[in-house]
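Trainee: To start, I am sharing the structure in question, which I have written as structure tokens.
The values are calculated or read from the model by the stated rules, or taken from the named source; none is laboratory data. It should be emphasised that the depicted structure is a prediction, and the values quoted were computed from it without experimental measurement. Counting neighbours? That spans all protein chains shown, and the Cβs are built from the backbone with ideal geometry, glycine included. Surface accessibility is based on the protein's heavy atoms, side chains included, excluding ligands, DNA and RNA. Shrake-Rupley method; radii C 1.70, N 1.55, O 1.52, S 1.80 Å.
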Amino acid sequence: MDLPPLNTAPVADREALLEFVEALDDQAPRIERDVARLKAAPGDREAIADIFRAVHNIKGDAAMCKVDLAVAIAHPIETTLARLRGGEIVFSEVLAEAVLLAVDRLELAAATLANGKSLDPLRLPALVGGLERLAHADASAIDHEAGALIEGVTSFRASATLSNLRGRAAAPEKSVPSPAADDLRFFRELALRFESRSALFKGRTSRLLRLARETNQVAGTLVDPLQLEAAVCLHDVGMMFLPESAWLKVGHLTDGEMRELRAHPDLAHGLLSRMKGWDAAAEIVVQHHEQPDGSGYPRGLVAAAICPGAKLLAIIDAFESIMLKHIHRGRNRSVLRAIAEVNACERQFAPEWIAPFNLVIRRAIET
């Protein structure tokens with residue numbers, strides 16, 4: 001099929017684009033749930049038919065709404081699923097991961113178009129090219145092409161799995177001189193209280209601490225480790241002062257709920273800034289939702305004004321959120337799909353921290 005210009009996709013009708021985004025929000029969760037069904041029972045013909053039908057509907061919606069980019073992504077997925085439905089190829093974990101990654105990238109591309117941002121970081125030519133090769137590959141080469149697609153889009157090998165990373169705890173703590181040790185114990189206790197408010201948060205602090213420590217070390221320890229640990233423990237504790245209906249909500253937030261949540265960095269900063277010796281941690285906490293282009297919050301700071309620790313925390317916090325953000329679909333995202341989204345959104349993060357973070361993730365999931 002003739003492909004549209006993948007990195008400069010024009011928006012012919014913004015209202016139609018928003019209608020497509022809304023329809024995609026309905027279809028994508030069904031695909032994710034049905035792929036989970038298929039993983040549990042690879043011979044489930046009904047699940048295969050349901051996934052095919054959902055992708056077919058996405059393609060139809062995209063054509064009707066004149067979102068040519070979405071048609072270009074959905075069409076080869078549909079072709080591959082038609083072959084799977086017809087028994088020409090067989091289901092595998094790597095094929096499932098390739099399909100889910102493609103649907104993730106389709107959602108991200110549609111949202112990026114709707115927000116008027118650049119598509120360049122999404123690697124859409126690599127995605128669509130890989131999908132076309134997958135759709136027409138010999139049956140014996142399907143897993144190879146699915147793996148090549150994943151690596152082409154994410155730069156990570158397809159063997160990476162969820163369990164390789166999420167089961168790992170933070171490294172044992174080194175001895176810390178008092179009174180800092182007493183403060184850190186208090187901070188960890190507050191973090192555990194935060195975790196206890198939802199089963200989704202179990203082990204969250206430990207995961208974030210490990211990623212923060214290792215990324216900081218790879219980068220040459222640019223941030224004081226004790227200040228970084230305090231910030232990791234307390235950066236979201238301010239949410240506990242907000243209505244639970246907002247910060248424990250699963251799914252899309254209203255504009256009002258988002259405004260409420262944007263108060264949490266200041267609330268946590270208020271706690272740390274009143275404690276002697278934790279000024280650097282307080283600065284990290286209040287800035288961890290700032291973005292290099294000035295579009296972050298609460299101050300709208302630009303890159304040069306954001307401290308290194310906040311830039312690091314922004315990446316690992318976003319990674320954790322991406323891992324969990326589709327939990328209402330009945331399944332955590334895999335590490336591959338989460339790291340692919342972080343890198344696709346790299347312009348909202350400090351580039352000097354992306355490479356060290358990627359290296360830490362690569363070590364965790366490819367060894």
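Trainee: What is the count of Lys pairs in the chain whose alpha carbons sit under 26 Å apart, if the two are 8 or more places apart or on different chains?
Mentor: So the count works out to 18.
Trainee: Could you tell me which residue out of His56, Phe357, Gln227 lies farthest along the dipole of the chain toward its positive end? Charges go on the beta carbon: Lys and Arg +1, Asp and Glu -1, centred on the Cα centre.
Mentor: Gln227
Trainee: How do Arg262, Arg185 rank by accessible surface area computed with a 1.4 Å probe, from largest to smallest?
Mentor: So the residues, ranked largest to smallest area, are Arg185, Arg262.
Trainee: State log₁₀ I(q)/I(0) for the stretch 205-324 at q = 0.10, 0.16 Å⁻¹ as given by the Debye formula over alpha-carbon point scatterers of equal weight, solvent excluded.
Mentor: -0.28, -0.75
Trainee: Just one of (i) 52, 23, 19; (ii) 41, 23, 20; (iii) 38, 22, 19 is semi-axes √(5λ) of the Cα gyration tensor in Å as worked out from the coordinates here. Which one is it?
Mentor: (iii)
Trainee: Pairs of alpha-carbon atoms within less than 8 angstrom and 6+ residues apart define the contacts here; what relative contact order does the chain have, in percent?
Mentor: 15
Trainee: Run the helix sum for the chain: -39,500 (n - 2.57) per DSSP H stretch of 4+ residues, divided by residue count, reported at 222 nm to the nearest 500 deg cm²/dmol.
Mentor: -20000 deg cm²/dmol
Trainee: Would you compute, for the Cα atoms of the stretch 48-123, the largest minus smallest coordinate along each principal axis and list the three values in descending order, in whole Å?
Mentor: Projected onto its principal axes, the Cα set of the stretch 48-123 covers 41, 26, 15 Å.
Trainee: Rank Leu184, Leu261, Val342 by how far each Cα sits towards the positive end of the charge dipole of the chain (+1 on Lys, Arg Cβ; -1 on Asp, Glu Cβ) and give me just the farthest.
Mentor: Leu184
Trainee: Here's something else I'd like to know. Could you tell me what % of all Cα pairs in the stretch 1-160 have separations over 26 Å?
Mentor: Above the 26 Å cut-off, the stretch 1-160 has 21 percent of its Cα pairs.
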